[in-house]
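Remarks on the structure that follows.
The values are calculated or read from the model by the stated rules, or taken from the named source; none is laboratory data. These figures come from a predicted structure and were not determined experimentally. Please note: Cβ atoms are built from the backbone with ideal geometry, for glycine as well, and neighbour counts cover all protein chains shown. When the accessible area is computed, the model is the full protein with side chains, heavy atoms only, and any ligands, DNA or RNA have been set aside. Shrake-Rupley method; radii C 1.70, N 1.55, O 1.52, S 1.80 Å.
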Amino acid sequence: MTVSGIGVSPGIAVGPIRVIVHLSVDEPVSATPQEVFAALNAVADDLERRAETIELEVAKEVLGAQAMIARDPALVEAIGARLTDDISYSDVRPAIAEAFAGFRDALLSLGGYFAERVADLDEIADRTLAVLSGQETTGLRLTEPSIIVAQDLTPADTAALDLNFAKALVVAKGGPTSHTAIVARGLGIPAVVGAEGVMDLADGTRVLVDGREGIVIVDPTESDISGREVREETLRARAASVEGPGRLADQTPIALMANAGNGKDAVAAAAAGAEGIGLFRTELLFLDRDDEPSVDEQVELYRAVFDAMAGRRVVLRTLDAGSDKPVPFINAIHEDNPALGVRGWRLTRSANDVLNRQLDAVAAAAQASAADVWVMAPMIDVPAEAAEFAYRARERGIRHVGVMIETPAAAILADKVLAEVDFGSLGTNDLTQYVMAADRLDSRLSDLTSSWHPAVLRTIGIAASHAKTLARPLGVCGESAANPHLAAILVGLGVTSLSMAPSALAEVRGFLAQVDRATCERVANQVITLSSAEEAEAVALDILGA
Amino acid sequence: MPSQTVIIGSTVGLHARPASLLIKAAAAASVPVKIGRVGEAPVNAASMLSVLALGGKHGEEIEITVDDHADADRILAELVDIVATNHDA
């Protein structure tokens with residue numbers, strides 16, 4: 001039996017569970033005002049003591065802030081205003097609830113950081129009542145290494161736990177940014193949150209926690225354990241090598257870049273350690289618009305991406321409207337076969353001015369920026385188109401001019417096409433659908449639209465060998481770059497840079513760091529002799545390992 | 001009672017670290033200190049909950065008032081300085 005949730009801190013742990021249950025105070029609590037204030041003080045003292053002893057910095061800050069709230073003069077005043085007589089009240093719960101509610105509502109209405117403090121307030125109210133009624137949270141005393149299971153863990157819980165004995169944290173509630181997740185990552189122990197059903201397990205049940213996949217396996221077998229431990233170890237070793245620019249085991253540099261559509265993406269890419277933007281899709285600025293963005297507006301949008309990548313390369317792709325990405329004011333005419341119709345650079349046939357104005361904007365933005373701006377045109381099919389684009393771009397002062405290689409014609413004639421420009425970029429998604437003559441959006445044809453197919457890989461190989469002869473950099477900016485095995489094959493075929501979603505960077509970087517160029521070439525040379533995508537995947541797995 | 005208006009300098013506004021610095025300084029002062037928007041009822045500056053509930057944002061003007069005391073001007077200057085400084089820079 002397994003319980004699944006969200007993995008928020010990777011790692012594997014096996015052991016007995018310790019279920020933590022919070023006692024709720026549902027009986028009347030009788031007390032004098034002085035006893036209530038003393039209980040608040042006791043809660044504050046306890047929080048301060050824990051804040052001093054705990055080493056984990058995040059927990060220390062949370063506990064310190066909670067102690068300040070428990071000692072808050074305005075809170076004491078609000079309770080005092082509701083318990084005015086010096087007598088023993090038969091039930092102080094309503095007075096305490098009302099006093100806290102005033103602040104609670106004010107914080108909730110502010111949202112964000114303030115609203116998060118509401119949980120602290122609730123916790124202090126609960127603990128104050130627990131002290132007054134003589135109850136305590138149970139299950140917090142650990143005597144052996146255990147996997148902590150709870151509905152949710154509060155900062156005070158995690159502070160009270162002897163974390164030397166905590167092997168993993170599993171909670172039924174919470175999300176990736178919850179306190180449990182933060183604490184687990186801080187401690188470097190596995191954690192799964194949102195594991196509904198975990199509270200049904202009996203205390204002491206032996207489980208396996210996989211904090212990467214986000215599952216809890218009840219009564220795991222030896223093979224469950226060893227299989228997951230080996231996998232985790234491999235991934236960890238790779239993650240440890242995730243630093244600096246992309247390179248193979250023999251130190252051959254392979255630039256690892258990210259795809260982006262706007263400034264926000266570029267900032268995320270920089271945070272993920274991208275060496276640049278390998279594909280800046282400008283059509284995202286045009287989609288869903290009734291009219292063309294002005295040159296000034298475009299300059300601003302392009303600058304947002306360039307500025308996030310100062311000192312690094314940004315490969316901007318001019319408008320790739322049409323086919324599956326129609327832009328209302330450009331693609332007005334109905335096409336029976338839009339993937340093969342007027343799209344990408346072919347729009348110069350119907351919307352020439354739009355592309356010229358975009359190049360004006362790109363050139364202006366590039367001039368004013370500290371990024372190393374490269375510009376390429378999509379859907380270049382023949383050498384004459386490459387020459388025309390290069391002329392227009394260079395005329396405007398753009399220094400690095402390139403083309404997308406995404407049609408079989410451009411790949412086969414890459415010696416002629418790339419001779420007109422400075423670099424090439426393989427768009428493997430479209431190249432696959434054109435080589436295989438299979439619509440990539442039609443799920444019935446999904447077996448025919450795999451970039452693993454030797455027909456696709458051979459076509460890439462043809463383009464790459466031309467690029468090598470001409471000494472032109474050749475990148476890949478399709479989804480295939482994000483698959484570690486395919487990335488190694490693309491490198492083996494002669495590709496010099498890879499661009500992918502920022503989230504894929506670490507895994508590809510780690511994988512490439514453990515293979516050398518000779519191995520990449522060996523696997524590439526072998527897969528192009530095969531007959532199917534399945535065979536290619538199997539051979540790659542065999543040579544490259546998992 | 002000495003008072004002064006000041007523009008909130010921290011980009012996150014008056015919460016987290018900036019609020020905590022202000023509250024600690026106000027609690028350490030030997031006289032009551034109040035804080036609030038000009039023209040609105042001020043709150044106890046030594047109360048974390050009250051200061052948070054004020055929800056002061058970056059660039060907003062607020063007024064600090066210190067009860068009469070020999071040391072009031074020095075306390076006021078210190079608190080104004082905390083609020084005006086960008087603690088996130």
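Values as computed for the structure displayed
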{"item": "Eligible lysines near A:K468 by straight Cα distance, threshold 30 Å, same-chain separation 8 or greater", "result": "A:K416"}
{"item": "Over chain A, relative contact order from alpha-carbon pairs under 8 Å, at least 6 apart, %", "result": "13 percent"}
{"item": "Residues whose placed amide H lies under 5 Å from that of B:G36, excluding near-sequence neighbours", "result": "B:V43, B:E63"}
{"item": "Euclidean distance between Cα centres, region A:385-456 to region A:95-112, Å", "result": "59 Å"}
{"item": "Highest to lowest packing among A:91-98, A:309-316, A:394-401, scored as the average C-beta count within 10 Å", "result": "A:309-316, A:91-98, A:394-401"}
{"item": "For A:T2, distant residues with modelled amide H under 5 Å away", "result": "A:V218"}
{"item": "Karplus 3J(HN,Hα) series, Hz, for region B:22-33 with 6.51 cos²θ - 1.76 cosθ + 1.60 (x for Gly, Pro)", "result": "4, 5, 4, 5, 5, 5, 7, 5, 7, 10, x, 10"}
{"item": "Probe 1.4 Å, accessible area per residue of the protein assembly as shown, Å²", "result": "44 Å²"}
{"item": "Inter-chain shielding of A:61-74 (mean C-beta neighbours from other protein chains, 10 Å cut-off)", "result": "4"}
{"item": "Sequence-separation-based contact order of region B:23-89, relative, with Cα cut under 8 Å and 6+ spacing, percent", "result": "31 percent"}
{"item": "Heavy-atom accessible surface that A and B bury in contact, both chains counted, 1.4 Å, Å² to 100", "result": "1200 Å²"}
{"item": "Carbon plus sulfur fraction of accessible area for region A:28-132, probe 1.4 Å, in percent", "result": "53 percent"}
{"item": "Reachable lysines, given that their alpha-carbon falls under 23 Å from the alpha-carbon of A:K173 and they are not under 8 places away in the same chain", "result": "A:K60"}
{"item": "Farthest toward positive dipole pole in region B:3-84 [+1 Lys/Arg, -1 Asp/Glu at C-beta], among B:A16, B:A46, B:H58", "result": "B:A16"}
{"item": "Net charge contributed by nearby residues that have their C-beta within less than 15 Å of A:N525 (K/R +1, D/E -1)", "result": "0"}
{"item": "Per-residue average of Cβ from other chains inside 10 Å of A:312-322", "result": "0"}
{"item": "Residues in region B:35-77 occluded by at least 40 Å² - accessible area, probe radius 1.4 Å, against chain by itself", "result": "B:M48, B:L49, B:L52, B:A53"}
{"item": "Beta bridges per DSSP with both ends in the protein assembly as shown, % antiparallel, nearest 5", "result": "45 percent"}
{"item": "Relative packing of peptides A:416-425, A:220-229 - highest average C-beta neighbours within 10 Å first", "result": "A:416-425, A:220-229"}
{"item": "Relative packing of peptides A:31-42, A:365-376 - highest average C-beta neighbours within 10 Å first", "result": "A:365-376, A:31-42"}
{"item": "Nearest-0.05 FRET efficiency for A:V118 and A:S88, computed from C-beta distance (R0 45 Å)", "result": "0.90"}
{"item": "Computed helical MRE - 222 nm, chain A, DSSP H runs ≥ 4 contributing -39500 (n - 2.57), nearest 500", "result": "-14000 deg cm²/dmol"}
{"item": "Heavy-atom accessible surface of region A:240-544: percent carbon and sulfur, 1.4 Å", "result": "50 percent"}
{"item": "Anchor A:K325: lysines whose Cα lies under 25 Å away (excluding residues fewer than 8 positions away in-chain)", "result": "A:K264"}
{"item": "GluC sites (Glu not before Pro) restricted to DSSP loop in region B:25-72 with at most 13 other C-beta within 10 Å", "result": "B:E40"}
{"item": "Cβ-defined net charge surrounding A:A13, 9 Å radius [Lys, Arg +1; Asp, Glu -1]", "result": "0"}
{"item": "Amide H contacts of A:V373 (H built 1.01 Å from N, under 5 Å, at least 5 apart or other chain)", "result": "A:V314"}
{"item": "Average partner coverage of A:469-476, which counts Cβ from other chains inside 10 Å", "result": "0"}
